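Comments concern the structure below.
The values are calculated or read from the model by the stated rules, or taken from the named source; none is laboratory data. Predicted, not measured: the structure shown is a model, and the values here were computed from it. Here the Cβ positions follow ideal geometry from the backbone for every residue, glycine too, while neighbour counts run over all protein chains shown.
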Amino acid sequence: MEEETLNSLLEILEKHRRDPELTELKQKLIEILLQLDPSEDKSFFTPPEDPKAYQISQYSPQVINQLSGQRGKNSRVLPTGFNALDKMLGGGLGNGEFIVLGGRPVMGKTTIMMTVIFHLLTRKKVPIYLLSTFDTATKLVHRLHALAGELPEPHSGKASEIIWDQSIDTLRSLEKLPLYLDDTSPAYIERILDASRWMKTHHGIRIIFIWDLQSIRTKRQFRTRDLELGCICRRLRELSRELEIPVLAISQLNRTVEYRGGTRRPQLADLRDSGNIELEADKVLLLYRPEYYQIDVDEMGNSTKFLLELTVARNQTGKVGSIFLKRNAEFTKITDFDGYTSDITISPRRLSDLDENDTPF
């Protein structure tokens, strides 16, 4: 009875959540609720009623479902839409996994994320929670609009009536998709956890995207940023297991990549602010675009124009390695690699900064 009363009070406070005087009271009520529910306390062992609990037979049905490649609403894997990547990841992004996508600026991290989101929304009808502390919600809708209409991103200037009408129709179709955007800033991990649980309960979200990881803070005090970010990653990993959905976060890389000799390919150690990111993540994907570093050809003489290399640098459930992807000229869409681009003028002088024994690709 006491718990029901407290829950009712919390509902009333939620309606007046903008009142600063009620914020502290709400926090105290939450703490009392946690004390009333002993199942929330993980610091003590509670003997299970079933003596066979924890036995391997309790988990084998889940493994069978994963191995059978089950699809549909009950699938434990969400495909990214990139065939080569899905094959390497064992079908896609798995439930209960914390995945990190890292890369330097202008590599295409946001475009890849939005391409995966668009695929899941339109092909799989998957409800998605997208939390962005980097781009505004409006800007992300612009990107999704460009993907849906296969139009360039909006620039200054007047559009024709036909293009304008197509744009409006495309935007109206996007409104029907189960995408929930949140650009609240600053972002605290405590709020992210609560918001994610609410989204799971009320909207049945199947995956969470976070852009970006380094912008998240916590109310707890830590001696170093490394420890703070390690705690944040740990709680995101726990969240993915609690909700049984994938959590994919975009991470920035250190600037040391720019001063590295050779191809400047990113490595796990380049993840910014904390070595704990790679330890907590189930999978780490690193994005690299040789064209950005003025590397025009690979060691076989193939053009690197519009080419992206996505490396699976860490994979607890499969193999590691690299795949190739391709972007369109406007950089609004990324697709599976369908062959090298031939219309390019090669400038051998651009390879002069490579080490003597280092191949450009």
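Quick one: would you say Thr110 is among the hydroxyl-bearing types (Ser, Thr, Tyr), touching a helix residue (DSSP H, G or I) at 6+ places or on another chain (Cβ under 8 Å) and modelled with pLDDT under 95? Please lay out each step first, then the result.
Details: among the hydroxyl-bearing types (Ser, Thr, Tyr): yes; touching a helix residue (DSSP H, G or I) at 6+ places or on another chain (Cβ under 8 Å): yes; modelled with pLDDT under 95: yes.
Yes, satisfied.
Based on what the data block shows, is Val257 at pLDDT 95 or above and in contact with a helix residue (DSSP H, G or I) (Cβ under 6 Å, 6 or more places away or on another chain)? Explain how you work it out, then say what you get.
On the way: at pLDDT 95 or above: no; in contact with a helix residue (DSSP H, G or I) (Cβ under 6 Å, 6 or more places away or on another chain): yes.
The answer is no for Val257.
Listed here are the residues, each with its yes/no results for (1) loosely packed, with under 13 Cβ neighbours inside 10 Å; (2) in a loop (DSSP other than H, G, I, E, B).
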residue: Asp194; (1), (2): yes, no
residue: Trp198; (1), (2): no, no
residue: Ile205; (1), (2): no, yes
residue: Cys231; (1), (2): no, no
residue: Arg234; (1), (2): no, no
The correct count of residues that are hydrophobic (A, V, I, L, M, F, W, C) and surrounded by fewer than 20 Cβ atoms within 10 Å (Cβ to Cβ) in the stretch 296-322 is 4
Pairs returned, first residue in the stretch 267-295 that is of a type in the set (Ser, Thr, Tyr), second residue that is assigned to a strand (DSSP E or B), beta-carbon separation under 6 angstrom, 6 or more apart or interchain, are Tyr288/Glu309
Filter the stretch 75-90 for residues that are free of Cβ contacts under 8 Å to residues at least 24 places away in the same chain and over 15 Å from Ile207 (Cα atoms); the one that is surrounded by the fewest Cβ atoms within 10 Å (Cβ to Cβ) is Lys87
